[in-house]
1. At 1.4 Å probe size, with the rest of the protein present, what percent of the exposed accessible area of the chain is carbon and sulfur atoms?
2. Can you count the Lys pairs in segment 7-246 with C-alpha separation below 20 Å, eight or more apart or on different chains?
3. Could you tell me the accessible area of Tyr144 in Å² (1.4 Å probe, neighbours in place), rounded to the nearest ten?
4. Sketch the reach of a paramagnetic label on Asp98 as a point 7 Å from Cα along Cα-to-Cβ, and name the residues of segment 150-181 whose backbone nitrogen lies under 16 Å away.
5. Once R0 is set to 41 Å, what does the formula 1/(1 + (r/R0)^6) return for the Cβ-Cβ distance between Leu125 and Lys198, expressed as a FRET efficiency to the nearest 0.05?
6. Hey, with R₀ at 51 Å, roughly what FRET efficiency would Val114 and Glu250 work out to, going by the Cβ-Cβ distance, to 0.05?
7. Among 196-205, 210-219, what's the highest-first ranking by average C-beta atoms within 10 angstrom per residue?
8. If each Cα of segment 87-180 is one equal point scatterer, what is log10 of I(q)/I(0) from the Debye formula at q = 0.11, 0.20 Å⁻¹?
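The values are calculated or read from the model by the stated rules, or taken from the named source; none is laboratory data. Because the structure is predicted, anything quoted here is derived from the model rather than measured. For neighbour counting, all protein chains shown are included, and Cβ atoms are generated from backbone atoms with ideal geometry for every residue, glycine included. Just so you know, the surface numbers come from the protein's heavy atoms only, side chains and all, with ligands and any DNA or RNA stripped out. Shrake-Rupley method; radii C 1.70, N 1.55, O 1.52, S 1.80 Å.
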Amino acid sequence: MSHTQPVAVVTGASSGIGAASARALAAAGFHVVLGARRLDRLEQVAAETGGTAIPLDVTQDASVEAFAKAVDERLGRCDLLVNNAGGALGADPVAQADLADWQRMYDINVLGTVRVTKALLPALLASGDGQVITIGSIAGREPYKGGAGYNAAKHAEAALTRVLRLELLGQPVRVSEIDPGMVETDFSLVRFKGDQAKADAVYAGVEALTAEDVAETVAWVATRPSHVNVDQILLMPRDQAAAQVLHRRES
Ligand code: NAP
């Protein structure tokens, strides 16, 4: 039997923007399904939101398949997919590019988004009023020095999202892209592989966006009337006018 509430699947819901989006969507009336690799953290968010935690590695075909099967068996429907799992690895110039990092970024941000979207699209279509919201980035709009690997992945993720919008025209699934600028989460700690000083330097003196700022935008996009498709949003901190143009206060 289908769940009575609309069901929103959020990938990468174990931290940052994904966890905050799950909270905002639960508050907006969705039953949230939380996917990521760290199940202990997912279960905490599930307990707070009354949601369902299901382990998910978006880089593994079998994991995505098992995840989609569990969504179908446990909830019986999917009305919204938030493709949020993603991130950057390294900030090397092209001349020193670490190809393993590039491959990993492509796998998580691009192929991961394709894998999960493909797996859940039949349920989104069957809902009669489905929606896909992909969390892109300013990095998918504007190349910056040291960003090439992540820029390439986020440009590709934006391209596939915009193609999906074209391909689903006339079918009952909306497709939206939210591109944040700098958001203070674990993003930089992951990017710099646990180097806290490097991660802190990214945000020094800048009033960055919070995960909650992006989550509010996700909930707003998700709750527009069904004939309204918000195609793209670029959401920046006031202190950031372009990828590497920042206003930093002295501490
Ligand atoms: P975060 O706190 O590091 O969260 C990243 C999330 O992705 C985690 O929940 C992580 O969960 C999940 N994830 C990573 N690899 C995964 C995999 N293989 N399978 C499933 N889940 C995976 O960073 P965030 O800032 O919230 O990032 C969320 C999204 O926003 C990303 O797409 C990022 O590119 C984008 N973004 C961030 C910023 C920023 O400045 N923070 C700006 C623009 C866009 P597990 O590790 O538990 O799997």
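1. Of all accessible area on the chain, carbon and sulfur atoms account for 54 percent.
2. Lysine pair count for segment 7-246: 6.
3. It works out to around 50 Å².
4. 150-151
5. So, using R0 = 41 Å, E works out to roughly 0.40.
6. The formula returns an efficiency of 0.70 here.
7. 210-219, 196-205
8. For segment 87-180 at q = 0.11, 0.20 Å⁻¹, log10 I(q)/I(0) is -0.35, -0.90.
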